[in-house]
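Only one structure is covered here, and it is reproduced in the block below.
Please treat every number below as a calculation from the coordinates, not as lab data. Small disclaimer: the values here were computed from a predicted structure and weren't measured. Because the Cβ atoms are built from the backbone with ideal geometry, glycine has one as well, and the counts that use them run over all protein chains shown.
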Amino acid sequence: MTVAWPAGSVGEQSLAGHVQREAGGLCRIGLFVEGVRCGGCVARIERTLAAQPHVVHARLNLSTRRLDLAWKGARGQVDGLVGLLAGMGHAVVPWMPDDVAAADRRHEQDLLLAFGVSAFALANVMMLAWAVWIGHWGDMGPGTRAFFHWMQALIAVPAIAWAGRPFWGSAWRALRAGQTNMDVPIAAGVLLTTAMSLSETLRHGPHVYFDGALALLTVLLLGRWLDSRMRGRTRSGIAQLASIAAQPVTLRLADGRTEAVPAGRVRPGALVVVAAGERVGVDGVVREGLSEVDASLVTGESDPRPLAPGDEAIAGMLNLGQPILVEASAAGADSTLAEMVRLMEAAEQRRGRHVALADRVVRFYTPAVHGLALATFLGWLVLGAVGWQLALVHAVTVLIIACPCALGLAVPATQVAAAGRLLNEQVLIASPTALERAAAVDTVVLDKTGTLTLPGATLAETPADQALVALASGMAAASAHPLARALRAHAPEAPALASVREVRGEGLAWQGPDGEVRLGSAAFCKVDAPNAQAGPGPVVWMSAPGHAPARFRFAPVARPDAAEAVAALQAQGFRLVLASGDRAGPTAELAGALGIGEWHCGQTPADKAALIARLQAEGRRVVMVGDGLNDAPALALADASLAPGTAVDATRRAADAVWMGERLAPVPFTLALAARAHRIVRQNIGFSFVYNAVWVPVAMAGLVTPWIAAAAMAASSLAVTLNAMRVGRFSMPELRA
């Protein structure tokens, strides 16, 4: 079959040309699947494709809507597989990230425009409706009332037809595929209410309900737009990691020439030149050169790490000093960076299968509403011995009164109130299911550097001779190295020295009146003591003529309220685990200072993800709190995740929430508010069922008119909204500075 491509694309054609053939007869393609709105959609699509005998892999990512599909057979089989998705109501096109992002932006703009049109029409229709309502108790004549009804119709019908397109399309695709979703009763209720109101206008009836239809449409469009905005913020950081992994590397050829090639083409044993300021593109061993690297991408630790011949170099490290020559042992898909991408993809696939509470409820709520409305129509038609018009009025009344407006508002109204409250605490929510998942956690895994501590370091130990401290500060003023900045901040009043020479990867040198003064590594300063690097933190040495070697030891700066925030998390009943890529000494020291009993050091990205998976295998629900790119796989794998605003971009994208500022208090505050918001969501859903249990039988019995049904529906929505607003008053005074 052929695939119906969207307007503006290359036209209607087979997807076979986009299929990649791999070894063993395996075919693979990346596809963008439209209309995926919840974890239920993800599970249904994956289950349908996995049931095909030749499909070996089918994984759909909810946040990016990217389907990774692999099968054994011919390339042309892709069209048959895509046909299955088309039959389920999903349009499919080849995966092109830039086009997908542009399409999402257009969809968001369309929703906002539809909301604006609907809200504007509602405001005008309500002015006319109020006049009619007042006229029922006054002396308004039938002619004047009919005029106002026609004015409402002229405004409402075009607005409803145009602004409701997101619901009409979704409902039609579901029905055409023999399925149902929440948009089906919404579309049925709005369209039938509009049609009945138009019929009443033509018949000069006393009541029309254009205002009710528009009010429902406006509120739900607002919720849909907010949901789209939240999903837009969950764009995966995988693309950023993949772009780093795809950077070309410089090969040194046998004749001494160099050539830039994609990292995937590098073979083990090849020699790769890494210039100063470049990232290492392969895993391997340093063969030539002395330098320092920023390994935060791999370990999360921002302290520069020295590299010398024989040391291991890992893809993703940033070369801060001199050029080095690395003999490759793994590159491309086999590198550590590529493994991080795979970890994040696997974690996001797992999270993508989470189904929100409202989505689970609507699975049986929607068909129940349809069944009750049909039963009402048939019952009045057969048993009530009335005409089909009155039977239809009673059926529409059931649809109106049972319309899932309150249910549809239960989650978004609470989310909006909670997001507003969190914004006051400088916390930004980035996932539509974040609060629900965070409410269920019982274990908090904390990264150390950049999470429990602030970026940078402070001096923990200095020489007793203050003249040496001032001399070191004057030299440090010439460098932008993080440790040099920390040393300078310790004694900023010392005069800056001129003619300081920086040896990249080694330290600083200054020619003083008595000879050369050096500030840097033990080797650079010619310190031969066996305990040259003793101490839990980074160490910088100083050698000056006439003085014994002087040592400066640095320590991380804990967040100002780290101890209070940790105590608050423990008071909430959470199990706390510290997972750090740092050495045992600094990790144990900080864990002891904060009262965290369980800690792990030397954690790689895979180790942190494995720790999360182990805790989950024990039945734990885990929230990960981290800032480094090495934390991104664990953040995506965890049941919920938070990152500070200082985190790298890919980490912020992988997290469910991001907090700003130096305080750690937003972490326990967010988890406490999530639990409160989840309780309110459950209350709202429970209220929706009680409301329907009371009013639906009354509507089926024909004891209420559509006008009363619309008023009851509006009252239920108002009650849900007011209850949701209670989240905005949530506070934890003990966490405030």
Pairwise centroid distance, computed over Cα atoms, of segment 430-451 with segment 459-499, Å: 39
Per-bin percent of Cα-Cα distances, segment 104-232 [5 Å]: 2, 11, 20, 20, 17, 12, 8, 5, 3, 1, 0
Set of lysines near LYS608 by C-alpha distance (under 18 Å), chain-local residues within fewer than 8 positions excluded: LYS448
Gain in span if fully extended, HIS57 to SER199, counting 0.36 nm per residue against the direct Cα distance: 45.9 nm
Estimated D of segment 16-95 in µm² per second, where Rh is the Kirkwood radius over Cα pairs and Stokes-Einstein applies at 25 °C, 0.890 mPa s: 197
Simple spin-label estimate for LEU428 and ALA131 in nanometres, 7 Å along Cα-Cβ: 4.6
For segment 466-546, Kirkwood radius (reciprocal of mean inverse C-alpha pair distance, Å): 12.8
3J(HN,Hα) from dihedral phi, segment 614-627, Karplus parametrisation 6.51/-1.76/1.60, rounded to Hz, x for glycine, proline: 5, 4, 5, 5, 7, x, 7, 9, 10, 10, 9, 10, x, 10
Estimated FRET transfer efficiency when R0 is 60 angstrom, pair GLU589-ASP104 (beta carbons, to 0.05): 0.85
Difference of contour (0.36 nm per residue) and Cα-Cα distance, TRP172 to THR258: 25.1 nm
Set of lysines near LYS72 by C-alpha distance (under 17 Å), chain-local residues within fewer than 8 positions excluded: none
Amide H contacts of LEU497 (H built 1.01 Å from N, under 5 Å, at least 5 apart or other chain): MET475, ALA477
Signed unit charges on C-beta, dipole axis of segment 104-232, positive-most listed residue ALA159, TRP172, MET126: TRP172
For segment 16-95, with +1 on Lys and Arg beta carbons and -1 on Asp and Glu, the positive-most of LEU84, GLY17, ALA43 along the dipole: ALA43
LYS526-LYS72 FRET efficiency (beta carbon distance; Förster radius 45 Å; 0.05 resolution): 0.10
Computed lengthening from ALA440 to HIS18, 0.36 nm per intervening residue step minus Cα-Cα distance: 147.8 nm
Pairwise label distance in nanometres, ALA498 with LEU390, each label 7 Å out on the Cα-Cβ vector: 10.5
